[in-house]
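The values are calculated or read from the model by the stated rules, or taken from the named source; none is laboratory data. Values in this document were obtained by computation on a predicted structure and should not be read as measured data. Virtual Cβ from ideal backbone geometry, glycine too; neighbours counted across all protein chains shown. Only protein heavy atoms, including side chains, enter the accessible area calculation; ligands, DNA and RNA are left aside. Shrake-Rupley method; radii C 1.70, N 1.55, O 1.52, S 1.80 Å.
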Amino acid sequence: MKVVITGGGGFIGAKLAKALLARGTLAGADGAQEEISALVLADQAFPDLPRDPRLHTLAGDISDPVFASRAITQDTGSIFHLAAVVSGAAEADFDLGMRVNLGGMRAVLDAARLIGDKAARPPRLVFASSVAAFGGDLPDVLDDSTIPVPQTSYGSQKVVSEYLVSDFSRKGFIDGRSLRLPTIVVRPGKANAAASSFASAVLREPLNGVAYECPVAAATGVWLLSPRRAVEAFIHAHELPPSAWGMNRALNLPGNTVSVAAMIDAMGKIAGAQAAKRVSFRIDPRIDKIVQGWPVRFDTPRALSMGFKADPGIEAVIRDYIADENVKVS
């Protein structure tokens, strides 16, 4: 089986690639495990990756249909579509977000459809959506019946993409599944243009001995999930049979509601008071406005019944980050 990860050069994409190489197999269209013979990462740039004869990189723009068709070829059995312009950038540059987030989705789906039209069984596709699908007047706790009403361009692009995944699945072109990801914490490396970037930086920078100025208030809540659980969720979503999804191909993933203050407190317990003292606050009205429109609390019985899992708590998330990224706490 050939597997494609769009956005494979990104943080989660690279972790997913390593997990798939270690796993070695994925469920084919008939549900039987098939050996992963090739894993193609499609992106514009790539980090250092493990040496593996199955692993290939392809550099280009996923919104270009020609590039998408080079990545997703007739022998592709599974696709993980992670490529995206992140929230803050999509809000700041509307045309860029539309081109990559919607145009990229359409290019991926059209390339996948060519396989589904010609093959006896369509390829499986797992799409990285977001809880940014929700906004506006929200209940205190969102559940599986809450209707997405996004209040950002990024959220709107994700919701439209979810509908496209569902419709292409209904038509039999693909076997699609969309996961509405919580904010992923802790992301290593440098901050990006995502409005949610603060949720990782408020832990990552102090743990690495760097002072951090948080752009939102300490009371701000975040619905979060660790990188470990996110990678597990992508693979688990892929492995579930079509019957587990039914007509509803989009899913709110489980997570944890944690305030910025609670994140700092947990970090202090693990790394010492000096780490917590490295955080100061300076509200950024642009970031704060976006973040305050996001949902904070979810009830996710459908996802839990399907076998998806949240982290045990924020302290486990922090300890996993320190272990996975070999952080020397200072």
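Please work out if ARG121 is farther than 25 Å from ALA250 by Cα, at pLDDT below 95 and either open to solvent by 60 Å² or more (accessible area, probe 1.4 Å) or not in a loop (DSSP other than H, G, I, E, B) (or both). Break it down stepwise before answering.
Details: farther than 25 Å from ALA250 by Cα: no; at pLDDT below 95: yes; either open to solvent by 60 Å² or more (accessible area, probe 1.4 Å) or not in a loop (DSSP other than H, G, I, E, B) (or both): yes.
Taking the combined requirement at face value, the residue does not satisfy it.
Looking only at the range 28-40, decide whether some residue is open to solvent by 10 Å² or more (accessible area, probe 1.4 Å) and within 20 Å of the chain's Cα centre (by Cα). Quick ask: steps written out before the conclusion?
Within the range 28-40, the first condition is being open to solvent by 10 Å² or more (accessible area, probe 1.4 Å), and the residues that meet it are 29-35, 37-38, 40.
Restricting the remaining residues to those that are within 20 Å of the chain's Cα centre (by Cα) gives 40.
Yes: one or more hits.
Taking the range 280-330 as the region of interest, how many residues are buried (at least 17 other Cβ atoms within 10 Å of the Cβ) and in contact with a Pro (Cβ under 6 Å, 6 or more places away or on another chain)?
Residues meeting the conditions: 5.
Quick check on the range 312-320. Is at least one of its residues assigned to a loop (DSSP other than H, G, I, E, B) and closer than 16 Å to PRO254 by Cβ?
Step one: filter the range 312-320 for residues assigned to a loop (DSSP other than H, G, I, E, B), giving 312-313.
Cutting the leftovers down to closer than 16 Å to PRO254 by Cβ gives us 312-313.
Yes, that holds for at least one residue.
So which residues in the range 124-148 are in contact (Cβ under 8 Å) with a residue 24 or more places away in the chain and open to solvent by 40 Å² or more (accessible area, probe 1.4 Å)?
GLY136, LEU138, ASP140, VAL141, ASP143, ASP144
Name the residues in the range 100-113 that are surrounded by fewer than 18 Cβ atoms within 10 Å (Cβ to Cβ) and over 21 Å from PHE234 (Cα atoms), would you? Before you say what the answer is, go through the steps one by one.
Step one: list which residues in the range 100-113 are surrounded by fewer than 18 Cβ atoms within 10 Å (Cβ to Cβ), which gives 106, 110.
Scanning the range 100-113 gives a single hit, ASP110.
Among the residues of the range 249-304, count how many are closer than 24 Å to PRO148 by Cβ and in a loop (DSSP other than H, G, I, E, B).
Final tally of qualifying residues: 11.
Please note which strands (runs of 3 or more DSSP E) are completely contained in the range 1-91 and include at least 1 residues that are in contact with a strand residue (DSSP E or B) (Cβ under 8 Å, 6 or more places away or on another chain), small (Gly, Ala, Ser) and over 19 Å from ARG124 (Cα atoms).
Details: elements: 2-6, 25-27, 33-35, 38-43, 55-59, 76-81.
Result: 55-59.
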